[in-house]
There are 2 protein chains.
Amino acid sequence: MEINESISALLNAGEHNFLPSLSVDCVIFGFHDNQLKVLLLKHRHRKKWALPGGFIGVDEPIDAAAYRVLMERTGLNEIFLQQFHVFGDPVRSPRDFHIQDLKKDGIDIVENLWILQRFVTIGYYALVEFSKVSPIPDTLSETFIWWDIHKVPLLVLDHRKILDKALATLRLQLHNQPIGYNLLPEKFTMPELQKLYETILDKKLDRRNFQRKILGFQILNRLEETKKGVPHKSPFLYSFDLKKYNEAINEGLNFGW
Amino acid sequence: MEINESISALLNAGEHNFLPSLSVDCVIFGFHDNQLKVLLLKHRHRKKWALPGGFIGVDEPIDAAAYRVLMERTGLNEIFLQQFHVFGDPVRSPRDFHIQDLKKDGIDIVENLWILQRFVTIGYYALVEFSKVSPIPDTLSETFIWWDIHKVPLLVLDHRKILDKALATLRLQLHNQPIGYNLLPEKFTMPELQKLYETILDKKLDRRNFQRKILGFQILNRLEETKKGVPHKSPFLYSFDLKKYNEAINEGLNFGW
DNA sequence: TTTCATTGCGTCATGATGACACAATGTAAA
DNA sequence: TTTACATTGTGTCATCATGACGCAATGAAA
C-alpha cells in the first residue's frame, strides 16, 4: 500500500524532524478563463477537499516550509508567497478527525501519537501563473485540481475559514501587493486585468473608467500585438512596466474602489 | 530571590502547560502628548528592552494567550488586539542568549531545557487608551514604561523587527481598522485626531483639509464642550459616532493619503 | 491692552471620478 | 457576400474631491 507507507514514514519522521504543534497551509490562487481559481486536494477517505499543507523542519524558516510545500505541489520554484493569518483555535483540528482517518489507513493508534497533538497552522497565500502550473498531488491524495473560487466544494476542518480569510486579505492588499502581476501571464489584455480586479473586489467596474485609471498609473506597456483568436474585436496586449509597477505598489495604488 | 523563583516556576510549569515552540509577543500602542507610544519591559540582565510576551496554554486559543498577556501587563480587560505577523526564523532567538541569562540567574542548564528550544512567535498589536493603563511589569522585570515611538531604545533579539512590522501594519490598516477610536480617549479634539493620523502616516497633513475630509465621513459627533486649560483658543471636543464609524471602517475610509 | 499661536470656517483652481456616446473591429449568422 | 452583434478603443461632460491658501475669532501670556 503506497499510501500507508507514506503515512508511516511521516509518522516516524515527524516527531524528530518537524517542529511540534505547528503547520503551514497554502491557498494557491490562479487566474484562468476570466475566473479566480484555487488549488485543492481531494481527501483520501472523505468527500471533502483540503488545502495543501505541511510541517516545518526543526531548523527550517517558516517561509521556507511554505515554499517547499508550494514547490512540491506546483513544480514552480519562484512563487509569490505571503503569510496572512495564524489559525490557533485549540479545537480547529479535532483528534477524532485524524483518528478516524488513521484507522481507515490501518494504522495503530498509539498514545501521544505525534500527529494527533493540537496544531496551530500558519496560513499562506500564493499567486501563480495558471498556465505554468502542473498540479502534483501529495503522497496521500490522488487528485489535486483547480476550482473556480465561486464553486469551491466542501472543505475539511477549518479550511473554508482559511480560504475565506485568504480571499479577504487578497482584497485588502490588492492595491499594495503585486497581485495582478503574479496572477496574469506576461502578456494580457485590458479586459482580463479588469476581470481580475472585478473578481477580487466582487464588484462590477466601468470598462472605460477602469482603463483610464489603470493607464493613469503608467505601470503598463501597451504592446504592438493584439490578442488573436478571440471572437469579436481583438484587444491590445499589455505587459507590466516592472520598475514603475513596483514603485507604484509600494506607494499603494490610490483607488477609490 | 523573587526572580529566580519565578524563573524556576516557569521552567517547571512550561514543559507541560504550554505549547512547545510557540510564543506570543505584544506591541502595545498608546497615544499621549500628541505622540504615539509603545510599552516596553526592561530586560533583567541587559541594557536592552523587550516587548511583553508569553506562552500559549496547551488548550488555550492563541488570541486568548495574547489577551492574557495584555490583561496581566495593563490591567485592562477590554483591549483591541490584532494578530499581525509570525516571526519564524530558526535563529531569531539564539540558544546562547537565553543560556547567558539563565546562568546569571543561577539556574542549572540541563539538556533539552524547555525554554531553550526554537520558538516561533506570533506578533500581536494592541491599541489602548493611554490614561486607562497602569503598566504592570512581569515577574522577571522591574520596569515597564511607555516609550515615544520615535525614541525607542535598543531592543533584544528581533523585537525591533517585530515593532517595525507592527508599525507598518498600523499604517496599512489605518483606514480599515478602528485605530483612532481605540487609541484616543472618549472625547478628543480635531488637532489630536489629526496628530494621530500624522504620526502613524509619518506625514504632515493640512489642518483644514483634514477636518473637511474627516467630517465628511460623518463619523464624528461634535460635542457642546470645548477643551479647557489649553493655551490659545480652546478647541471643540468630538466623540466617535460608533455606529457610523464601524460602517465606514468596514467599507474602508476612502483616503488618498 | 497687546501679542500671537491656535482654531473655526471659507474660497478657488485643478484634478479625479462616474456616467455615457460613438465609431471601429472581427466573428458568426443570414 | 452581406448583415448582425458583441466587444474594444477613444472621447465628452457634469460633478465631486482635493490641495493650497485667506481671514477672522479665541484665549493665554507678555
Using a Gaussian network model of chain A whose springs link C-alpha atoms within less than 10 Å, name the residue from A:PRO94, A:PRO231, A:PRO137 with the highest mean-square fluctuation. A:PRO231
In percent, how large is the relative contact order of the stretch B:33-171, given Cα pairs closer than 8 Å and 6 or more residues apart? 39
Give the average, rounded to an integer, of partner chain Cβ atoms located within 10 angstrom of each Cβ in B:111-118. 1
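I need the peptides A:100-113, A:147-160 ranked by packing, meaning the mean over residues of other C-beta atoms within 10 angstrom, with the highest value on top.
Values: A:100-113: 12.4, A:147-160: 15.6.
Highest-to-lowest ranking by the protection proxy: A:147-160, A:100-113.
What is the protein assembly as shown by shape, rounded, prolate or oblate, if you read a ≥ b ≥ c off the alpha carbon gyration tensor as root eigenvalues and call it rounded for a/c under 1.5, prolate for a/b larger than b/c, and oblate otherwise? Mind dumping the intermediate values first?
Values: a/c = 2.07, a/b = 1.02, b/c = 2.02.
Oblate, since a/c reaches 1.5 and b/c is not below a/b.
Please tell me the relative contact order of chain B in percent, rounded to the nearest whole number, where contacts are Cα pairs under 8 Å and at least six residues apart.
On the way: 398 pairs, mean separation 57.8, N = 257.
Once normalised by length, the contact order is 22 percent.
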For B:LYS203, place a label point 7 Å from Cα along the Cα-to-Cβ direction in every copy; what are the distances to the other copies, in nm, shortest first? 1.9
What's the FRET efficiency of A:LYS244 with B:ASN221 using the Cβ-Cβ distance as r and R₀ = 60 Å, to the nearest 0.05? 0.90
Output row for B:LEU154: copy-to-copy label distances, label 7 Å along Cα→C-beta, ascending, in nanometres, one decimal, is 5.9
Helix-derived mean residue ellipticity, 222 nm - over chain A, DSSP H n ≥ 4, -39500 (n - 2.57), to 500: -11000 deg cm²/dmol
Running a GNM on chain B with Cα contacts under 10 Å, which residue among B:GLY216, B:GLY53, B:GLY123 ends up with the highest mean-square fluctuation? B:GLY216
For peptide A:197-209, the mean count of other chain Cβ atoms within 10 Å per residue Cβ is 0
Label points 7 Å out from Cα along the Cβ direction at A:ILE99 and A:ARG160: separation in nm? 2.5
Starting from the Cα of A:LEU172, step 7 Å along the direction of its Cβ; do the same at A:LYS48; then give the gap between the two resulting points in nm. 2.5
Round to the nearest 0.05 the FRET efficiency obtained for A:GLU111 and A:ASP33 when R0 = 51 Å and r is the Cβ-Cβ distance. 0.55
Percent relative contact order of the stretch B:39-116, based on C-alpha pairs within less than 8 angstrom and at least six residues apart? 17
Can you give the average number of partner chain beta-carbon atoms within 10 Å of each beta-carbon in peptide B:81-94, as a whole number? 4
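Could you tell me the convex hull volume per residue, in Å³, taken over the Cα atoms of the stretch A:18-84?
Details: hull volume 8.2 nm³, N = 67.
Taking the convex hull of the Cα positions in the stretch A:18-84, it is 122 Å³ per residue.
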Per-copy distances of the B:GLU186 label point, shortest first, in nm (7 angstrom along Cα→Cβ): 6.4
Per-residue Cβ contact counts at 10 Å, fewest first, order A:MET190, B:MET71 as B:MET71, A:MET190
Looking only at the stretch B:1-45, which residues have a backbone nitrogen under 15 Å from a spot 7 Å from the Cα of B:VAL58 in the C-beta direction? B:12-22
Candidates A:GLU224, A:GLU15, A:GLU186, ranked by Gaussian network fluctuation over chain A, Cα under 10 Å, top entry: A:GLU224
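Only the coordinates and a few stated rules stand behind these numbers; no lab work does. These figures come from a predicted structure and were not determined experimentally. Don't worry about glycine lacking a Cβ; one is built from the backbone with ideal geometry, like all the others, and counts go over all protein chains shown.
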